[in-house]
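Colleague: The structure's right below; bear with me while I get my questions together.
The values are calculated or read from the model by the stated rules, or taken from the named source; none is laboratory data. Quantities reported herein were computed from a predicted structural model and do not represent experimental measurements. Glycine gets a Cβ as well: all are built from the backbone with ideal geometry, and neighbour counts include every protein chain shown.
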Amino acid sequence: MLVLSRKESEKIILGDDIVLTIVRVSGDRVRLGIQAPKDMLILRHELENQGLAVETNTNTNSTKNSKAA
């Protein structure tokens, strides 16, 4: 894992088309701005499993609806 120290308004470039900008640092919180292609999924880690569960339920419901039709 790469660990960097950054100040407000400083940027980190990932690959050719992703830019992270430190928007604000306040106490123990950091506000990030993310510039990335619109087709790229950006998801907070704590929501990752919830998102997969929603996607799985949606796929399951679609399959059930297809079989019922």
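Colleague: Residue check: is I22 out of contact with any strand residue (DSSP E or B) (no Cβ under 6 Å at 6 or more places or on another chain), modelled with pLDDT of 95 or more and either surrounded by 11 or more Cβ atoms within 10 Å (Cβ to Cβ) or β-branched (V, I, T) (or both)?
Modeller: Details: out of contact with any strand residue (DSSP E or B) (no Cβ under 6 Å at 6 or more places or on another chain): yes; modelled with pLDDT of 95 or more: yes; either surrounded by 11 or more Cβ atoms within 10 Å (Cβ to Cβ) or β-branched (V, I, T) (or both): yes.
Taking the combined requirement at face value, the residue satisfies it.
Colleague: If you scan the range 31-54, which residues turn out to be at pLDDT 95 or above and farther than 20 Å from G15 by Cβ?
Modeller: R31, the sole residue that qualifies.
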